[in-house]
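The values are calculated or read from the model by the stated rules, or taken from the named source; none is laboratory data. What you see is a predicted model; the values in this text were computed from it and never measured. Cβ atoms come from the backbone with ideal geometry, glycine included; neighbour counts cover every protein chain shown.
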Amino acid sequence: MNTATRHQDLLLATGEQSRETDRQTIESFGIPGETLMEIAGNRAADLIMADYPLSGESNKMHRDPLRVLFVCGKGNNAGDAFVIARILMSYGYRVSLFPLMGTNGLSPDAQRNFDRLMRLSREMEMEIPVHQKWPAPDSFDLVVDGIFGTGLEREIGPPVAGNIDKINRSGKPVIALDIPSGIQSETGEVLGCAVQAKKTIQFGLRKLGCYLGVGPVYCGDRAMVRLPFPPVYKETIRMRLVDMSLQPERALHSRNRVIAGPGGTPMRVQKHKYNNGVVHVIGGSPGLTGAPLYAARAAWSLGMGAVSLIYPAAWSIPMDSQAPQLVKKPIGDFESEFFTEEDAEPVLSWLDEKEGVVVIGPGIGREDQTAAFVRKVIADCTSPMIIDADALHCLPEYGQLISGKEHPGQVILTPHPGELAMLTGETSGSDHERLMNAAALSERLGCVVLAKGNPTFVHSPSDQQVLVTPYETTVFSRAGFGDTLAGHLAAFLSRTGKPLESCEHALLYGYHKINEVISAGKAFPEPSDLT
């Protein structure tokens, strides 16, 4: 599978985008809605039968045949459920229906598939119970949620809310179709109440709400079945999951690095002293000398030819005793505990002499003179740059230092949620708000923003793309992990010259590395484990 096809499977759509893609496929491309429903139902049925076979080890706790209760609404979500019920029934499963709002007034495609299900029951001479109230828990083994789809925007009230509570208290596994009923399809927020699924089968496109807020908690395992949506109708969807199939280490073997200009146009080939990657880490202040060391070691661990550590000269003794493989560049006299504005010129001279990727901010402190130093370096440095940690606090009123650069797309900001709020002046009360705030900041400054958190977001205005992590990131919520991420980012950027790609590789590298450490038996990984 090529990259473009793989990324189509990773797209994250809002409910509106999903419905519009569906509409265009039906009305403009000419694939009938009932055909899409048939494909969706058949592929979902295959997944259900794989997870809950009629016989074998995985079904030893259930009687044979397995009994499936379909809880349905009136729209196309119910239509999908009716298709699945028909397929399962044809393979020997016992199905029953609980239409919460009755069977009158179904959507046209749902009505057609309800009629087909009833016809199959007559031809097989097998009755399908249609319950008017919640059935006894011992009458079913599995629940399929076909109540609401992606169009739900209002809070769920009685009597549906009461029945969702009964689903959740049934003690039986639940399969949700497209998105658990009650979860808002864009924000992942609960609309009053929501179905707690063991697995959610998404149709055609992954739904953003399944990855934000409490959406992942209610979705359980998430799967996606393909539908024949023409790619042209998905071009407006610019958000996708981080590609977990990537092997980040492969990107580290690139020897010639092309710096991309606006829009991704190749600008020039980077040439390094060692032709193997150069990273400069600028940081250090009283009590915070470990942060730049973590970042520098992280860059070195990914095979850089040279990593220089630039710090106030007062910290020369502790720095010299650490990581002899690093090039040390003390700045100022031996009483200089933090950077001052006058230090910018010698630092810029060093950066001009030894071209590489710059990381500025780890442990750099927030002294007024340091802030002036940071702004001067950011304004005048022409190298690709990672702006991290305390350096971000120098930017709220000076965003033009980035937007005014010749190539702002070669700058990556790495704020955690508090730093993002500081940079934007907007408090993020939800994942969706944090995503929108990060995107707005990225567009305003023209740079890449990697917004840390769970999930982590990466927005690139030049690529017109947003990445979302599909895995748990809270394990990285310890001091020092942000510094190692900055170092990894710089290393990948040094090799690839592509900021968005570098963010994806760095995030995945850290994820794989920390899983190795945990698998080896270490309960509480440390930043040094990633270097």
*Scan segment 134-178 for residues that are within 24 Å of Leu117 (Cα to Cα), at pLDDT 95 or above and of a type in the set (D, E, K, R) and jot them down.*
Asp141, Asp145, Lys172, Asp178
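Every residue, every condition in (1) in the same structural domain as Ile386 (by TED's automatic domain parsing); (2) closer than 13 Å to Thr456 by Cβ; (3) free of Cβ contacts under 8 Å to residues at least 24 places away in the same chain; (4) part of a helix (DSSP H, G or I), yes or no:
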| residue | (1), (2), (3), (4) |
| --- | --- |
| Thr484 | yes, no, no, yes |
| Gly487 | yes, no, no, yes |
| Phe492 | yes, no, no, yes |
| Arg495 | yes, no, no, yes |
| Glu501 | yes, no, no, yes |
| Glu504 | yes, yes, no, yes |
| Leu507 | yes, yes, no, yes |
| His512 | yes, no, no, yes |
| Val517 | yes, no, yes, yes |
*Going by the structure shown, is Glu125 farther than 20 Å from Val71 by Cβ and out of contact with any helix residue (DSSP H, G or I) (no Cβ under 6 Å at 6 or more places or on another chain)?*
yes
*Output the residues belonging to segment 409-438 that are in contact (Cβ under 8 Å) with a residue 24 or more places away in the chain, surrounded by 20 or more Cβ atoms within 10 Å (Cβ to Cβ) and either in contact with a Cys (Cβ under 6 Å, 6 or more places away or on another chain) or aliphatic (A, V, I, L, M) (or both).*
Val411, Ile412, Leu413, Leu420, Leu423, Leu435
*Sort through Gly361, Gly332 and tell me the only one that's at pLDDT below 95, on the phi > 0 side of the Ramachandran plot and in contact with a helix residue (DSSP H, G or I) (Cβ under 6 Å, 6 or more places away or on another chain).*
Gly332
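This table checks each residue for (1) of a type in the set (D, E, K, R); (2) surrounded by fewer than 24 Cβ atoms within 10 Å (Cβ to Cβ); (3) modelled with pLDDT under 95.
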residue: Gly30; (1), (2), (3): no, yes, no
residue: Gly41; (1), (2), (3): no, no, no
residue: Gly56; (1), (2), (3): no, yes, yes
residue: His62; (1), (2), (3): no, yes, yes
residue: Asn77; (1), (2), (3): no, no, no
residue: Phe82; (1), (2), (3): no, no, no
*Restricting attention to segment 378-408, report how many residues are touching a Leu at 6+ places or on another chain (Cβ under 8 Å), crowded, with 24+ Cβ neighbours inside 10 Å and not in a loop (DSSP other than H, G, I, E, B).*
2
*Across segment 298-325, what is the total count of residues that are in contact with a strand residue (DSSP E or B) (Cβ under 8 Å, 6 or more places away or on another chain), of a type outside the set (A, V, I, L, M) and touching a residue at least 24 places away in the same chain (Cβ under 8 Å)?*
7
*Can you name the condition, by its number, that Ser96 falls short on among (1) in a strand (DSSP E or B); (2) small (Gly, Ala, Ser); (3) modelled with pLDDT under 95?*
(3)
